[in-house]
Amino acid sequence: MEEMIMLDKVHRQRRQPSLDQFAYTPTQAGPVIGKDRSTVYRMMNTGTLPAKKTATGRLITRETILNYLDSLPDFVPPDQNEAE
């Protein structure tokens, strides 16, 4: 039983944040946008990913994350005829 409790704690810690949240810490936002925490902080400091200041740190809103993802270019697969 104790082993199951330990496994549940590990699972909860590894759970990826989803876009169901209203706001994210920089650590939570990283996996959502496919970046590590230090890159998220760099993006906040350069203004690429605007954040809100709170008494205890910074938060990134869901809207900001969605706007960032929408600003990325669309993937265009290479033309298969060129490969021949």
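The values are calculated or read from the model by the stated rules, or taken from the named source; none is laboratory data. None of the values given here were measured: they were computed from a predicted structure. Every residue, glycine among them, receives a Cβ derived from its backbone with ideal geometry; neighbour counts consider all protein chains shown.
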(request) Just need a number here: residues in the range 22-33 that are polar (S, T, N, Q) and either surrounded by 16 or more Cβ atoms within 10 Å (Cβ to Cβ) or touching a Leu at 6+ places or on another chain (Cβ under 9 Å) (or both). (result) 2
(request) Give the residue that is modelled with the lowest pLDDT, with candidates limited to residues of the range 5-36 that are of a type in the set (A, V, I, L, M, F, W, C) and part of a helix (DSSP H, G or I). (result) Val10
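Listed here are the residues, each with its yes/no results for (1) surrounded by 10 or more Cβ atoms within 10 Å (Cβ to Cβ); (2) at pLDDT 95 or above; (3) more than 20 Å from Ser18 (Cα to Cα); (4) touching a Phe, Trp or Tyr at 6+ places or on another chain (Cβ under 7 Å).
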{"position": "Ser38", "(1), (2), (3), (4)": "yes, yes, no, no"}
{"position": "Gly47", "(1), (2), (3), (4)": "no, yes, yes, no"}
{"position": "Ala51", "(1), (2), (3), (4)": "yes, yes, no, no"}
{"position": "Tyr68", "(1), (2), (3), (4)": "yes, yes, no, no"}
{"position": "Pro78", "(1), (2), (3), (4)": "no, no, yes, no"}
